[in-house]
Each structure stands twice: as structure tokens, then as C-alpha cells.
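First up is the structure itself, then whatever we jot down about it.
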Amino acid sequence: MFQRCKGNKYFWFHKQIIFFLNLKLYLCCINNNMKDWFMNIDEVQLITFSPTCTSKQVGEAIVHGTGISSVSKVDLTLEAAGKREVPSHALAVITVPVYGGHVAPLALERMKELHADGAPAVVVVVYGNRAYEKALVELDAFVTRLGFKVIAGATFVGEHSYSSEKYPVAAGRPDADDLEYAKLFGEKIRAKIAAAEDMEKLYGVDVTRIQRPRQPFFPLLRFLRRVVKLRKSGVPMPRTPQVDAERCTHCGYCVKHCPAGAIIKGDECNTVAEKCIKCCACVKGCPQKARTYDTPFAVLLSDCFKKQKEDRIIL
């Protein structure tokens with residue numbers, strides 16, 4: 001096991017290791033022994049739940065970094081995976097967003113019928129620069145119960161669902177640096193697979209040992225105090241995004257892209273509160289900017305978490 005973060009002093013050294021392992025892999029390919037090196041890992045499946053596309057972007061960059069050409073995608077954003085078997089010769093890259101410190105419940109619901117017979121998996125959670133709390137541990141435990149063998153894990157930062165021009169929270173992330181690091185992570189995963197003689201020696205990881213991102217103490221304390229004050233104030237929290245009926249053209253974008261099916265065609269100015277998961281896919285994607293989600297938490301998040309956190313990996 002080893003873990004590194006972007007900007008670590010050992011970053012150069014690890015790139016050299018990857019270079020030499022890939023050189024060995026290349027020489028092996030010339031001798032038609034590629035299957036021996038990849039232990040028959042000849043396919044990668046990207047399994048993602050990504051209403052605002054941040055988790056999807058990170059996952060695609062990781063997949064690209066692995067260099068495995070056979071790629072299939074299981075997009076859970078709008079529908080469940082259903083009963084699907086992930087073969088042992090496939091690498092699963094599973095990326096999901098973090099909502100309130102936990103894996104998005106709808107993502108877990110849509111993954112529950114997946115099954116793997118020891119297929120290697122990479123678990124990745126994408127959070128909005130506040131905290132991912134126990135989300136990575138939750139995802140690891142969940143996919144392990146489905147039969148996957150977790151060989152790597154990561155936490156990446158993506159633009160917060162509540163982020164807006166007025167109150168930016170990790171705006172624009174994952175950025176170019178994040179995606180380059182995700183690609184490098186994919187290369188390291190490939191190197192790990194290449195270095196193992198067989199599946200038994202492709203060891204798993206303990207994701208609880210991943211390095212936590214640095215969090216300045218006083219901004220966090222200020223955030224916690226303001227959250228307590230806000231909750232005691234009795235200020236009502238909006239249950240759904242608001243719609244400007246004059247701007248709405250009933251184009252149907254929000255209907256098509258709502259993961260929870262909370263917006264009905266022909267009634268786009270309303271949102272079913274019982275179904276809404278506040279992912280803000282409708283807000284960020286509305287071509288007319290007719291939808292907004294004005295929550296008091298956006299102000300707190302923008303003010304208290306200005307310092308950008310770094311991505312972390314473990315493998």
C-alpha cells in the first residue's frame with residue numbers, strides 16, 4: 001500500500017516507477033505476453049452516478065490513465081444498473097458524489113443489483129470542498145458486499161452542488177490539475193496491476209488509512225458555529241429549487257436530466273419535494289437560467305471553505 005497527494009515531494013519518484021513498469025509492460029507486449037501482465041484484466045467498466053458531471057469527469061480521466069482500450073460505461077445517474085455481473089477480468093472504476101458527508105443514497109440504490117466475483121475495483125468519492133466524512137468508507141464497504149475487491153481509493157474535489165456565481169464553492173473543479181492527477185492515478189493503478197503475478201497478489205487497500213486533506217481550524221469552527229446559529233434561528237430551508245416562470249420556456253431539459261424524476265413534463269415550474277435530492281443538476285444545466293437554489297448554507301460554505309483542498313489517493 002502507498003498513498004500520495006498532489007504536490008507531494010515523492011511525486012517525481014513515483015512517476016519514474018510508473019515509467020519503468022510501463023516499459024516492462026511494453027516489452028512484454030512485444031513478446032505477446034500481455035495477458036500474463038494484466039492477469040486477464042482486459043476491460044474497464046466505469047460505474048458512475050454524476051448529476052452535475054463532476055464524478056463522471058474524474059472517472060473518465062482515471063479510466064484514460066489506465067490505458068485499457070476496452071471501456072464500457074454504466075451510468076447510474078438516470079437509471080439503475082439492474083442485475084449486472086461484472087466479470088473478474090474487468091476493472092471497475094466506481095465514482096460517486098458526496099451529499100452531506102455520505103455517498104448519495106440514490107447512487108447506492110441504483111448499484112445494489114450489481115454483482116462481482118472478486119473483480120478489482122477502484123472507489124472514488126467526489127465532494128464539494130467541505131468534507132467527505134465517511135463516504136469513502138461507506139462506498140468501500142458497499143461494493144465489497146457486492147463482491148468487488150477494492151484495490152485503490154481516492155477522494156477528489158468537485159464543484160459543490162450549491163455553488164453559484166454569487167457564492168462560489170470549489171467553482172470549476174475538477175480543473176485541469178485535478179483531471180491530470182486523476183489520469184496519473186489511473187497510470188498507477190495500471191502499474192499496480194502489471195506488477196502483480198496473479199489476482200491473489202493484487203492486494204486490496206484499507207481506505208481508512210487514506211491521508212485526510214488539510215482543513216484550517218478556524219474557518220471550520222466558524223462554519224460549525226454559524227450552522228448551529230442558523231438551525232436555531234428557525235429559518236426555513238428551501239426543499240426544492242425555485243423557478244422563474246417568466247424565464248422558463250418548458251424546453252424539458254430539467255425533466256430529462258433530473259436523476260430523481262422530481263420534475264414532470266409540462267409542469268416544469270414545479271418540483272416534487274419528496275423526490276428532490278437537491279443535486280442541482282436542473283439549476284446548473286438550465287439553458288435559460290430559470291432555476292435557482294437559494295439556500296443559506298451556500299453563503300456559509302462559500303465563506304468558510306475558500307481554501308481549496310487537495311485530492312487524495314491510496315493504492
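Yes/no matrix, rows are residues, columns are (1) out of contact with any Phe, Trp or Tyr (no Cβ under 9 Å at 6 or more places or on another chain); (2) crowded, with 22+ Cβ neighbours inside 10 Å; (3) small (Gly, Ala, Ser); (4) in the same structural domain as Arg291 (by TED's automatic domain parsing):
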position: Val74; (1), (2), (3), (4): yes, no, no, no
position: Val93; (1), (2), (3), (4): yes, yes, no, no
position: Val98; (1), (2), (3), (4): no, yes, no, no
position: Glu109; (1), (2), (3), (4): yes, no, no, no
position: Ala116; (1), (2), (3), (4): no, no, yes, no
position: Ala119; (1), (2), (3), (4): no, yes, yes, no
position: Val143; (1), (2), (3), (4): yes, yes, no, no
position: Ala152; (1), (2), (3), (4): no, yes, yes, no
position: Val157; (1), (2), (3), (4): no, yes, no, no
Which residues, taken from segment 284-307, are charged (D, E, K, R) and in a helix (DSSP H, G or I)?
Lys284, Asp303
In segment 232-275, what count of residues is obtained for those that are surrounded by 15 or more Cβ atoms within 10 Å (Cβ to Cβ) and among the polar types (S, T, N, Q)?
2
I'm checking my understanding of the structure. Among residues of segment 266-288 that are of a type in the set (D, E, K, R) and at pLDDT 95 or above, which one is farthest from Pro51 (Cα to Cα)?
Glu274
Test of understanding: among Asp198, Asp206, which residue is in contact (Cβ under 8 Å) with a residue 40 or more places away in the chain, in the same structural domain as Glu85 (by TED's automatic domain parsing) and over 22 Å from Lys309 (Cβ atoms)?
Asp198
Read through the list (1) more than 30 Å from Ala290 (Cβ to Cβ); (2) assigned to a loop (DSSP other than H, G, I, E, B); (3) at pLDDT below 90, then give the number of the only condition that Arg212 fails.
(3)
Specify the residue that is farthest from Gly65 (Cα to Cα); the eligible residues are those in segment 172-195 that are in contact with a helix residue (DSSP H, G or I) (Cβ under 9 Å, 6 or more places away or on another chain) and part of a loop (DSSP other than H, G, I, E, B).
Arg173
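The values are calculated or read from the model by the stated rules, or taken from the named source; none is laboratory data. None of these values were measured; they are calculated from a predicted model. Neighbour counts run over all protein chains shown; Cβ positions are idealised from the backbone, glycine included.
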